[in-house]
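Asks: I have a structure here, written as structure tokens, and I will follow up with some questions on it.
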Amino acid sequence: MAAKDSVEKTQEEIIKEIAKALGHTGYLLDAVLEEMKQLEYKMARTIEKDDYNNLVEKFNMKRQEALFRRDMLIIHREAIGVRQHKFLDKYYPVPGKKKKRT
């Protein structure tokens, strides 16, 4: 009986840790997407080509990070048995890559 309780307790702790990791991953993705919005805002108001192109580089690096974070979110969701991820693109839209000015 004690062994069964111990296994159940361990399983419960694992589920809590996975849920915690899932929440943290979502938070990190939100933060990166917010940084991208701020960079887009700055890009829209930047006149100098070199300044704009520097912002594009930062934006595109953040975009790669956002795609990575979204992949991690999918992995964490699948770890708890969630297999449908269709709404993630709507809830966490990752903008397309930006092009530098020539």
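The values are calculated or read from the model by the stated rules, or taken from the named source; none is laboratory data. Model, not experiment: these values are computed from the prediction. Neighbour counts are summed over all protein chains in view; Cβ atoms, including those assigned to glycine, are modelled from backbone coordinates with ideal geometry.
Asks: Just checking, does the stretch 88-97 include any residue being modelled with pLDDT of 95 or more and basic (Lys, Arg)?
Replies: yes
Asks: Also, I was wondering about something else. When you scan the stretch 28-43, do you find a residue that is modelled with pLDDT of 95 or more and hydroxyl-bearing (Ser, Thr, Tyr), even just one?
Replies: There is at least one residue in the stretch 28-43 that is modelled with pLDDT of 95 or more and hydroxyl-bearing (Ser, Thr, Tyr).
Asks: Can you tell me which residues in the stretch 39-82 are in contact with a helix residue (DSSP H, G or I) (Cβ under 8 Å, 6 or more places away or on another chain), over 13 Å from THR25 (Cβ atoms) and assigned to a loop (DSSP other than H, G, I, E, B)?
Replies: THR46, the sole residue that qualifies.
Asks: If you go through the stretch 54-69 one residue at a time, do you hit one that is more than 30 Å from THR102 (Cα to Cα), surrounded by fewer than 17 Cβ atoms within 10 Å (Cβ to Cβ) and of a type in the set (Asp, Glu)?
Replies: Checked the stretch 54-69: no residue is more than 30 Å from THR102 (Cα to Cα), surrounded by fewer than 17 Cβ atoms within 10 Å (Cβ to Cβ) and of a type in the set (Asp, Glu).
Asks: For the stretch 8-23, what are the residues that are closer than 28 Å to MET61 by Cα and either surrounded by 13 or more Cβ atoms within 10 Å (Cβ to Cβ) or among the aliphatic types (A, V, I, L, M) (or both)?
Replies: Hits for the stretch 8-23 are ILE18, ALA19, ALA21, LEU22.
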